[in-house]
1. Which ones in the stretch 88-111 are of a type in the set (Gly, Ala, Ser) and in contact with a Phe, Trp or Tyr (Cβ under 8 Å, 6 or more places away or on another chain)?
2. Using beta carbons and a limit of 9 Å, which pairs, at least six apart or on different chains, have the first residue in the stretch 42-56 and loosely packed, with under 14 Cβ neighbours inside 10 Å and of a type in the set (A, V, I, L, M, F, W, C) and the second one modelled with pLDDT under 90 and not in a strand (DSSP E or B)?
3. Given the conditions (1) at pLDDT below 85; (2) surrounded by 12 or more Cβ atoms within 10 Å (Cβ to Cβ), and given that LYS94 satisfies all but one, which numbered condition is not satisfied?
4. Any idea which of GLY55, GLY50, GLY96 is over 24 Å from THR117 (Cβ atoms) and either in contact with a Leu (Cβ under 9 Å, 6 or more places away or on another chain) or in a strand (DSSP E or B) (or both)?
5. Report yes if VAL46 is at pLDDT 85 or above, of a type in the set (Val, Ile, Thr) and more than 30 Å from GLU135 (Cα to Cα), otherwise no.
6. Among the candidates PHE101, PHE129, PHE75, PHE66, which residue alone is outside any strand (DSSP E or B) and either among the acidic types (Asp, Glu) or under 18 Å from VAL46 (Cα atoms) (or both)?
7. Collect the residues in the stretch 87-123 that are in contact (Cβ under 8 Å) with a residue 24 or more places away in the chain and closer than 19 Å to GLY50 by Cβ, keeping them in residue-number order.
Amino acid sequence: MDEIGTHSVIERADVVTLGLTVRAPQIYPNRLSRRQSVSWYAVRAVYSHGRDPNGAVVYEERILMFRSGSVEEAFGMAEAEAAQYLKLNPTFRKIGEVAAFVLGEVDDLHGAEVWSTLGTSSLPPEEFFRHRYTEFEFRPPFG
């Protein structure tokens, strides 16, 4: 069992998504002191999986939830989890910077907003949506 900040990697899960098997460590929080103020953080990292059979690069955007006493601690947990993820998937590569979304001291995540970004574009709404959300959508080749 590897210690990661106030979390421990206690087992791994194989997740099958879109015909690909991706290995992901499962993180479980240790018991935290009730006096310690902790918040939930959604932390995003982007990975390159290599090329598909058609030569296109496959990218993955992962958003994981961490409960910690500070955003710096959440980043540390995310970096440790990313190292485990890359160890389990040696052909993957983490790209870009890690980003966090602070949820605060939330007890119940049911219906909670876990990620939100704002941006601007000169594109009309339909074209912006197509470019941002469908142009780079992964569609695995099925034989």
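The values are calculated or read from the model by the stated rules, or taken from the named source; none is laboratory data. Please read these numbers as outputs of a predicted model, since none were measured by experiment. Cβ atoms come from the backbone with ideal geometry, glycine included; neighbour counts cover every protein chain shown.
1. Here is the first cut: in the stretch 88-111, the residues of a type in the set (Gly, Ala, Ser) are 96, 99-100, 104, 111.
Of everything in the stretch 88-111, those that are of a type in the set (Gly, Ala, Ser) and in contact with a Phe, Trp or Tyr (Cβ under 8 Å, 6 or more places away or on another chain) turn out to be ALA100, GLY104.
2. Listed by first residue and then by second, the contacts come to ALA56/PHE138.
3. Going through (1) at pLDDT below 85; (2) surrounded by 12 or more Cβ atoms within 10 Å (Cβ to Cβ) one by one, LYS94 breaks only (1).
4. Details: GLY55 fails: either in contact with a Leu (Cβ under 9 Å, 6 or more places away or on another chain) or in a strand (DSSP E or B) (or both); GLY96 fails: over 24 Å from THR117 (Cβ atoms).
Being over 24 Å from THR117 (Cβ atoms) and either in contact with a Leu (Cβ under 9 Å, 6 or more places away or on another chain) or in a strand (DSSP E or B) (or both) holds for just one of GLY55, GLY50, GLY96, which is GLY50.
5. Working: at pLDDT 85 or above: yes; of a type in the set (Val, Ile, Thr): yes; more than 30 Å from GLU135 (Cα to Cα): no.
No.
6. Working: PHE101 fails: outside any strand (DSSP E or B); PHE129 fails: either among the acidic types (Asp, Glu) or under 18 Å from VAL46 (Cα atoms) (or both); PHE66 fails: outside any strand (DSSP E or B).
None of the others qualify; the one that does is PHE75.
7. If the condition is that a residue be in contact (Cβ under 8 Å) with a residue 24 or more places away in the chain and closer than 19 Å to GLY50 by Cβ, then LEU88, ASN89, THR91, PHE92, ARG93, LYS94, ILE95, GLY96 are the ones that fit.
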